[in-house]
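Heads up, the thing below is written out as structure tokens.
Every read-out reported here was derived from the displayed coordinates using simple, explicitly stated rules and does not represent laboratory data. Not measured: the values here are computed from a predicted model. Using ideal geometry, Cβ is built from the backbone for each residue, glycine included, and neighbour counts are taken over all protein chains shown.
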Amino acid sequence: MGEEVPGPLVGPGEILAMLGVGRSRFRQIIVHPNFPRPFQTLMAGSVWLRSDVEAYIAKYRQPRPPADEDEPG
């Protein structure tokens, strides 16, 4: 029937939270060649393997400084 799912899946809402970005920035990120391809594209939208997204974040996203470190003082 369908592919066996090798792990947890995430959709756009979960990825927005994982990346800490808004919808327009999310759309820019997912078309970048380094971002993983969706595991499947369904009628409701695309889904990705959580492990692929986590690996992308670990490799390509800079950690955000805590709020008190980015303010002069």
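HN-Hα J couplings of the stretch 48-57 from phi, Karplus 6.51/-1.76/1.60, θ = phi - 60°, integer Hz, Gly and Pro as x?
10, 6, 4, 4, 5, 5, 4, 5, 4, 4
For the stretch 24-32, take each phi angle, set θ = phi - 60°, evaluate the Karplus expression 6.51 cos²θ - 1.76 cosθ + 1.60, and give the result in whole Hz per residue in order, putting x for glycine and proline.
Calculated HN-Hα couplings, in order: 5, 5, 4, 4, 5, 5, 6, 8, 5 Hz.
With +1 on each Lys and Arg Cβ and -1 on each Asp and Glu Cβ, how big is the dipole of the stretch 1-56 about its Cα centre, in debye rounded to the nearest 20?
On the way: 5 positive and 5 negative charges, 69 e Å.
So the dipole magnitude of the stretch 1-56 works out to roughly 340 debye.
So how do 46-53, 20-27, 5-12 stack up, highest first, on mean other-Cβ count within 10 Å? Please list the in-between numbers first.
Numbers: 46-53: 17.9, 20-27: 11.2, 5-12: 13.5.
Those peptides, ordered most packed to least, come out 46-53, 5-12, 20-27.
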